[in-house]
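The values are calculated or read from the model by the stated rules, or taken from the named source; none is laboratory data. None of these values were measured; they are calculated from a predicted model. Here Cβ is always computed from backbone atoms with ideal geometry, including for glycine, and neighbour counts include all displayed protein chains.
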Amino acid sequence: MARVGIWKCPECQLHQTWKTRSDKSNKLDRKCTGCEKRVRTTLDRSASGKGRVRNVEIWERNPNDWASLEEEVRRRNEGSVADSIASINENENRRLAESFRP
Ligand SMILES: [Zn+2]
């Protein structure tokens, strides 16, 4: 099962989905569909977004629920989800990790 989630482009603020090749992979290499900026970062244990690349916000989500993921991306890009700060990301990710990891 791949790891999936959302990242936010530091250049144009566009939220997009990401997906790793496997659950062992922690490398993220994406090109923004909005401004074509290339972002390479490493998912850490908590995927808190405090990775190697400054200002790239990353959220990890349940890989079994791709529809909700796309819905969340849409809502974030519409601005109907408040921009989260790092501490909120960490709380979200902790809750997520508890909810679906064995
Ligand atoms: Zn961009």
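Structure summary
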item: Residue under evaluation residue 77, criteria (1) surrounded by fewer than 13 Cβ atoms within 10 Å (Cβ to Cβ); (2) at pLDDT 90 or above, criterion not met; result: (1)
item: Failed item, numbered, when residue 11 is tested on (1) away from the ligand (no atom under 14 Å from the Cβ); (2) part of a loop (DSSP other than H, G, I, E, B); (3) of a type outside the set (Lys, Arg); result: (1)
item: Scan of the stretch 14-28 for residues that are outside any loop (DSSP other than H, G, I, E, B), modelled with pLDDT of 90 or more and within 16 Å of the ligand (Cβ to nearest atom), ordered by number; result: 15, 16, 17, 18
item: Breaking point among (1) more than 9 Å from the ligand (Cβ to nearest atom); (2) within 11 Å of the chain's Cα centre (by Cα), for residue 38; result: (2)
item: Verdict on residue 2 being over 11 Å from the mean Cα position of the chain (by Cα), at pLDDT below 85 and exposed (fewer than 15 other Cβ atoms within 10 Å of the Cβ); result: no
item: Qualifying residue in the stretch 59-67 (condition: within 14 Å of the ligand (Cβ to nearest atom) and at pLDDT 90 or above); result: no
